[in-house]
Amino acid sequence: MSQDQEEFPTESMTTEIDAAHELGVGEPGESAPAPAEPAPTTLLGRINSGITPWVFYPSALIIVGFVAFAMALPDTAGDFFQGVNDNIVGALGWYYILAVAIFVAFSFYMGLSRFGRIRLGKESDRPEFSTVSWFSMLFAAGMGIGLVFWGVAEPLNHFANPRPAVAGLPTADVAEQAINQSYMHWGIHAWAIYAVVGAAIAYTVHRLGKPMSIRWSLQPVLGNRVKGGLGHAIDVAAVVGTLFGVATSLGLGVSQIASGMDAVDLLTDPGNLAKVIIIGIITMISLASLLSGVGKGIKWLSNANLVLAGGLLLFVLIAGPSLFLAREFVQSIGTYIQDFIGLTFDVSAYEGQAGEDWQAGWTTFYWGWWIAWAPFVGIFIARISKGRTVGEFVAGVLAVPTIITFMWFSIMGGTALYREMNGPGGLIGEDGSVDSTMSLFSMLADLPGGYLISIGAIILIALFFITSSDSGSLVVSMLTADGTDDPPRWVRVFWGVTEGLVAAALLVAGGLGALQTASIIAALPFSIVMLLMVVSLWKMFHKEHLRYEFADRQELLSEIGDHYGLEEPQPDPPPVAKRRRLPQFPVRKKGAKGAPASQGAGTATATAAADEPVQEGTVEDR
């Protein structure tokens, strides 16, 4: 064998490639259609035929029980949330920080390493949605409503009440760190969490042909246990986490809508009743979009969100301190890059109780919120990312939404900080308090045409509310309906209504604090699932890369052969069965007693012929 031929995979590598194909890695084949099951005859049978009962019923029981508890005993529920929040943050705040750091590192590794060429689908698959529509759906589903809420409020809060390590610095430095901290909470770290879950689900669904479910992304780690109770528990944790994560965003959104309506004199001092009514109205509207599917309602609303958000951003940039905002954006990017590693691992360990309280209200809350959102956003972006390579997926998920987010905070938050430092102020109370739900509208009121722009902002928040609600309901419906892309309509309606009820229950039970606590609690079990996803993804991508590497070597050898006029290397021939010989008989010497000379010669000839190899068929025939 030539030296070139020796470059083919060894037996151990071939074994790994075969193992990869056993997991489904490589070109997914067409599986034989399953035999049709008889149609259920009972009502319960017909209901269960469209869902995964061991995921749907436990999830519904947990969530409906929570809603009943929060509505019936709001004060007790509020105290319970606060106690759980204190215990989790005090004991496990460092864990959230470390886990998110791992997700960030692995996301960069996926996109920049040899894994980047792997396609999330068959080799012939190409993206279903245009790049612009894909970006708009990423942005609207992943951050939209929360970004509008915190775009002005968070920089103002960090400026008025900075983290302990920043307190005491000059005012300009505090303002710079306020924008930097906002970038940290909404930038690469948040989207890296989504990228891990999205890549794992997209690969197992589009490449391996598994159902749209969290459990299958862990099969390389957990094996066939994902098909039983453990797999059901994983999906239940994803459903509960998604519901609480989305409900947190909906609660923030409806609080801001109510404040906006108060700012434009459509409501007066709205309380919880008004907010619950607003949740009910917008939830009903969102059901129409939800029932139309991803390709229609959700896609159109996402595009409309992007246009309205871009228009609002452009208006504030032109009507606000434009030159300051341009300079501040460039400088803040440099500050973010410079402090990236340090802030990634910052847990305020040397700031005592003040640092722990700050972490609970901001970084730990955000990391919990993003992890709680991860099943929802991960499944949604996996659903819309079929046909893209891992490198393209990671670049799109990390870079584009992060840049848009930075522009949003730089322009909206920068305008508010400029007003506080160089203008009339009024966005921060004398006691250092910030009205987070009203700060956006207070900032817009001082700009030309502020009244009309505030109405446009209310519409934008409502559209983001609808997009988040119907996208979240669709994902939860898929998780509880055997991972199908088209879950039953009644399941979509059930989860759409349930999301609204959870948001209302959290508002009644404690407002913003209860919303934050619910996210942190829901994120704890799913963070463990995500760490297992990292291990599972590496194993699947490593085996997939072996296939690519083998194909590259074959292509290279073929090109070398074509260039030098050599024949293409052929695979080793299959092993040949060992030939058997005829039995040898004693040969009598010529002239022996009882044997004529002619017979002895004939026998010798026969024996000589027997020494020649013969075909196996001849032996068997004899």
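The values are calculated or read from the model by the stated rules, or taken from the named source; none is laboratory data. All figures in this text were calculated on a predicted structure; none of them were measured in a lab. We place every Cβ from the backbone using ideal geometry, glycine too, and count neighbours over all the protein chains shown. With ligands, DNA and RNA removed, areas are computed over all heavy atoms of the protein, side chains included. Shrake-Rupley method; radii C 1.70, N 1.55, O 1.52, S 1.80 Å.
The table that follows gives values for the structure above.
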quantity: Helices (runs of 4 or more DSSP H) within the stretch 328-410 that include 3 or more residues within 13 Å of the chain's Cα centre (by Cα) and more than 29 Å from Asp482 (Cα to Cα); calculated: none
quantity: Leading residue by the ranking (farthest from Glu176 (Cα to Cα)) among those in the stretch 320-332 that are open to solvent by less than 50 Å² (accessible area, probe 1.4 Å) and in contact with a Ser or Thr (Cβ under 9 Å, 6 or more places away or on another chain); calculated: Gly320
quantity: Residue check, Leu308 touching a residue at least 60 places away in the same chain (Cβ under 8 Å), under 23 Å from the mean Cα position of the chain (by Cα) and open to solvent by 10 Å² or more (accessible area, probe 1.4 Å); calculated: no
quantity: Residues located in the stretch 232-273, provided they are hydroxyl-bearing (Ser, Thr, Tyr), out of contact with any Ser or Thr (no Cβ under 7 Å at 6 or more places or on another chain) and in a helix (DSSP H, G or I); calculated: Thr242
quantity: Pairs with Cβ under 7 Å, 6+ apart, first in the stretch 266-283 and open to solvent by less than 50 Å² (accessible area, probe 1.4 Å), second β-branched (Val, Ile, Thr); calculated: Lys275/Val254; Ile278/Val254; Ile278/Ile257; Ile279/Val254; Ile282/Ile466; Thr283/Val497
quantity: Some residue of the stretch 128-141 being of a type outside the set (A, V, I, L, M, F, W, C) and within 26 Å of Ile458 (Cβ to Cβ); calculated: yes
quantity: Residues (among the hydroxyl-bearing types (Ser, Thr, Tyr) and in a loop (DSSP other than H, G, I, E, B)) located in the stretch 89-118; calculated: Ser113
quantity: Verdict on Asp262 being in contact (Cβ under 8 Å) with a residue 12 or more places away in the chain, among the acidic types (Asp, Glu), farther than 15 Å from Phe376 by Cβ and open to solvent by 10 Å² or more (accessible area, probe 1.4 Å); calculated: yes
quantity: Failed item, numbered, when Tyr109 is tested on (1) farther than 27 Å from Gly413 by Cβ; (2) of a type in the set (Ser, Thr, Tyr); (3) modelled with pLDDT under 85; calculated: (3)
quantity: Test result for Asp485, under 20 Å from the mean Cα position of the chain (by Cα), in contact (Cβ under 8 Å) with a residue 60 or more places away in the chain, open to solvent by less than 10 Å² (accessible area, probe 1.4 Å) and within 29 Å of Ala202 (Cβ to Cβ); calculated: no
quantity: Filter result for Gln181 (surrounded by 15 or more Cβ atoms within 10 Å (Cβ to Cβ), farther than 30 Å from Leu474 by Cα and in contact (Cβ under 8 Å) with a residue 40 or more places away in the chain); calculated: yes
quantity: Selection status of Phe550, open to solvent by 10 Å² or more (accessible area, probe 1.4 Å), farther than 24 Å from Tyr194 by Cα, touching a residue at least 24 places away in the same chain (Cβ under 8 Å) and touching a Pro at 6+ places or on another chain (Cβ under 7 Å); calculated: yes
quantity: Conditions (1) open to solvent by 30 Å² or more (accessible area, probe 1.4 Å); (2) out of contact with any Pro (no Cβ under 9 Å at 6 or more places or on another chain); (3) not hydrophobic (A, V, I, L, M, F, W, C); number of the one not met by Asn422; calculated: (2)
quantity: Residue match in the stretch 120-127 (condition: surrounded by 23 or more Cβ atoms within 10 Å (Cβ to Cβ) and out of contact with any Gly (no Cβ under 6 Å at 6 or more places or on another chain)); calculated: yes
quantity: Filter pass, Val316 being of a type in the set (A, V, I, L, M, F, W, C), closer than 30 Å to Ser259 by Cα and surrounded by 21 or more Cβ atoms within 10 Å (Cβ to Cβ); calculated: yes
quantity: Hey, Asp86 assigned to a helix (DSSP H, G or I), surrounded by fewer than 15 Cβ atoms within 10 Å (Cβ to Cβ), touching a residue at least 12 places away in the same chain (Cβ under 8 Å) and acidic (Asp, Glu) or not; calculated: yes
quantity: Matching option when the condition is in contact (Cβ under 8 Å) with a residue 12 or more places away in the chain and open to solvent by 50 Å² or more (accessible area, probe 1.4 Å), among Leu92, Leu73; calculated: Leu92
quantity: Residue tally, condition farther than 20 Å from Trp369 by Cβ and either open to solvent by less than 10 Å² (accessible area, probe 1.4 Å) or among the β-branched types (Val, Ile, Thr) (or both), over the stretch 201-233; calculated: 12
quantity: Complete set of residues in the stretch 283-305 that are within 21 Å of Gln256 (Cβ to Cβ) and either at pLDDT 85 or above or under 26 Å from the mean Cα position of the chain (by Cα) (or both); calculated: Thr283, Met284, Ser286, Ser289, Leu301, Ser302, Ala304, Asn305
quantity: Of residues in the stretch 432-480 being open to solvent by 20 Å² or more (accessible area, probe 1.4 Å) and of a type in the set (D, E, K, R), the one modelled with the lowest pLDDT; calculated: Asp446
quantity: Wholly within the stretch 126-194, helices (runs of 4 or more DSSP H) carrying at least 3 residues that are closer than 27 Å to Ala395 by Cα, more than 22 Å from the chain's Cα centre (by Cα) and not basic (Lys, Arg); calculated: 144-160, 171-186
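Residue-by-condition table, conditions (1) at pLDDT below 80; (2) in contact with a Ser or Thr (Cβ under 8 Å, 6 or more places away or on another chain):
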{"position": "Ile51", "(1), (2)": "no, yes"}
{"position": "Trp54", "(1), (2)": "no, no"}
{"position": "Gly65", "(1), (2)": "no, no"}
{"position": "Ala68", "(1), (2)": "no, no"}
{"position": "Ala72", "(1), (2)": "no, no"}
{"position": "Asp79", "(1), (2)": "no, no"}
{"position": "Gln82", "(1), (2)": "yes, yes"}
{"position": "Gly90", "(1), (2)": "yes, no"}
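The rows are residues; the columns are (1) modelled with pLDDT of 90 or more; (2) over 30 Å from Met443 (Cα atoms); (3) of a type in the set (Lys, Arg); (4) open to solvent by 10 Å² or more (accessible area, probe 1.4 Å).
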| site | (1), (2), (3), (4) |
| --- | --- |
| Val347 | yes, yes, no, yes |
| Gly352 | no, yes, no, yes |
| Glu356 | no, yes, no, yes |
| Ala360 | no, no, no, yes |
| Trp373 | no, no, no, no |
| Ile381 | no, yes, no, no |
| Ala395 | yes, yes, no, yes |
| Met412 | yes, no, no, no |
